[in-house]
Amino acid sequence: MRLSFDKSLGQLCIFILFCFWIILCRYQRTGDVGDYIFSAEIIFFCVALIIRGRAHWEIGPAFILYITFILVREIESFYLTGAIEGESKIIIYSEFGVAVLLLVLLTDTSKEKIYRLLRNFGVANALIGCFEYTYKTSWIAKYIMVPTHRYFLQNMGTDQWRVRTVFLHPVICAVFMIITWILLLYIPINNRWLQRFAQGVTVVCLIETKSRSSWISFAVVTFLYFLVRQAKGKKEIDRSFIFRWMVAVVFLILLALLCSDWFEMLFNTVSSRLIAGLNKNNEGNYNRMMMIRIGTSIFGKAKPLNRMFGNGANYAINYLRAHPIRGWNRAVDNTYVTVLLNYGIVGLFLQLSILLLSVQNMIKTKSKMTEMCALAVISLFVSGFFYEMYSWFTTTVCLSVFLLGQGEMVKHTAKVRFVR
């Protein structure tokens with residue numbers, strides 16, 4: 001009797017274990033969590049190399065550009081500050097470590113298997129989100145042992161509570177719900193009614209994160225999806241399509257009549273957040289606008305060398321901590337401002353190049369999976385206007401997964417080829 005081992009399944013299991021380890025460290029480890037995660041990355045990397053053997057892969061330009069972006073930022077930071085600490089250290093384990101590990105784990109693993117796993121995980125989180133929305137509580141609260149992270153649970157049980165499921169922050173939960181929505185669009189559930197239900201709970205969970213920025217991102221990616229589908233002639237609006245949506249609308253109306261209190265609460269959430277978003281004196285709006293103004297002002301007054309290469313890792317957040325905006329000093333809340341101040345024109349150029357290359361891939365590719373990956377990356381960068389995406393593991397993992405997905409994987413070649 002001969003025993004066989006599925007390498008693809010083994011690599012997928014390592015990916016799941018690694019994600020679980022990240023969550024565990026974020027919830028329960030105090031002090032420098034990076035040491036625990038970086039040690040795990042090295043162990044998982046060695047195991048993954050042993051499992052995959054002499055498998056081969058293709059790497060697309062988008063992922064190569066991302067690795068270049070990471071290395072340039074790390075080199076700039078070390079040169080300007082002379083130390084690896086703060087954001088400079090986070091880049092190593094949160095971005096470079098994740099990217100290299102996933103490169104080894106996922107390049108010869110079934111694409112669709114990974115995406116289905118992420119889709120199902122997202123739908124499960126959406127269901128948990130509906131539970132949180134109804135009862136204004138979090139089932140994971142008791143597992144969060146890090147004192148500084150208890151800050152995220154301060155509104156639990158009140159009307160101010162924002163859904164976050166297994167994620168520490170509602171904005172990150174919202175970002176992943178958008179990823180889930182994209183996966184459902186491109187890899188639908190076989191049962192039509194389950195597909196509609198999954199889309200419905202995903203949208204409800206997204207709404208109840210109360211993240212206006214993510215609502216904007218959701219609208220943008222949905223518009224881009226239908227625009228590209230129509231332009232490529234792959235989305236035909238026929239009678240059955242119209243009929244299904246009419247049935248869905250009627251079903252929602254009946255559900256609203258039966259659960260009027262629940263839907264009224266949902267409507268009030270949306271309306272209140274939108275009204276606050278239109279108020280120029282709103283604290284969140286004011287802080288974000290002021291940070292953009294401050295960032296452009298600092299950039300305009302900087303020396304030519306600092307304009308080109310920035311001021312090094314941690315500069316943007318350190319400036320905010322030294323000069324709080326109405327008492328706010330926790331986060332810059334704009335990836336583009338952070339990159340511009342920390343890494344200058346070079347860093348911002350590389351970041352925008354990744355975004356533009358993903359847009360190009362989405363428009364030109366004939367592969368549905370590549371198109372989906374490109375749209376997922378676009379959604380991350382659109383949301384990045386309203387928070388610092390590189391400081392969260394969820395976004396760095398998703399970014400690596402979907403940038404890798406833009407390069408076609410192969411199994412029967414002896415060389416690494418670079419493809420669009």
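The values are calculated or read from the model by the stated rules, or taken from the named source; none is laboratory data. Just so it is clear, the model here is predicted, and its values are computed rather than measured. Here the Cβ positions follow ideal geometry from the backbone for every residue, glycine too, while neighbour counts run over all protein chains shown.
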Discussion item. Please count how many residues of segment 189-228 are over 21 Å from the mean Cα position of the chain (by Cα), surrounded by 15 or more Cβ atoms within 10 Å (Cβ to Cβ) and over 19 Å from residue 117 (Cα atoms).
Written reply: 1
Discussion item. Of everything in segment 58-80, what is modelled with pLDDT of 90 or more, touching a Gly at 6+ places or on another chain (Cβ under 9 Å) and under 15 Å from residue 101 (Cα atoms)? Give them in sequence order.
Written reply: 63, 64
Practice prompt. Scan (1) modelled with pLDDT under 90; (2) touching a Lys or Arg at 6+ places or on another chain (Cβ under 9 Å) for the single condition residue 347 breaks and write down its number.
Written response: (1)
Item to complete: Answer yes or no as to whether residue 88 is under 30 Å from residue 357 (Cβ atoms), modelled with pLDDT of 75 or more, among the small types (Gly, Ala, Ser) and assigned to a helix (DSSP H, G or I).
Response: yes
Item to complete: Determine if segment 303-321 includes at least one residue that is of a type in the set (D, E, K, R), under 15 Å from residue 391 (Cα atoms) and within 26 Å of the chain's Cα centre (by Cα).
Response: no
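Here's the yes/no breakdown for (1) out of contact with any Leu (no Cβ under 7 Å at 6 or more places or on another chain); (2) free of Cβ contacts under 8 Å to residues at least 12 places away in the same chain; (3) not in a loop (DSSP other than H, G, I, E, B):
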residue: 345; (1), (2), (3): yes, no, yes
residue: 350; (1), (2), (3): no, no, yes
residue: 354; (1), (2), (3): no, no, yes
residue: 357; (1), (2), (3): no, no, yes
residue: 366; (1), (2), (3): yes, yes, no
residue: 369; (1), (2), (3): yes, no, yes
residue: 377; (1), (2), (3): no, no, yes
residue: 382; (1), (2), (3): yes, no, yes
Item to complete: Residues being of a type in the set (A, V, I, L, M, F, W, C), within 17 Å of residue 345 (Cβ to Cβ) and modelled with pLDDT of 85 or more: count how many of those fall in segment 269-312.
Response: 6
Fill in: Filtered residues of segment 97-126 (kept if under 15 Å from residue 399 (Cβ atoms) and within 16 Å of the chain's Cα centre (by Cα))
98, 99, 102, 114, 115, 118
Fill in: Residue that is modelled with the highest pLDDT [pool: residues in segment 40-57 that are exposed (fewer than 14 other Cβ atoms within 10 Å of the Cβ) and in contact with a helix residue (DSSP H, G or I) (Cβ under 9 Å, 6 or more places away or on another chain)]
42
Worksheet item: Regarding residue 8, is this residue over 28 Å from residue 84 (Cα atoms), assigned to a helix (DSSP H, G or I) and either at pLDDT below 75 or in contact with a helix residue (DSSP H, G or I) (Cβ under 8 Å, 6 or more places away or on another chain) (or both)?
Response: yes
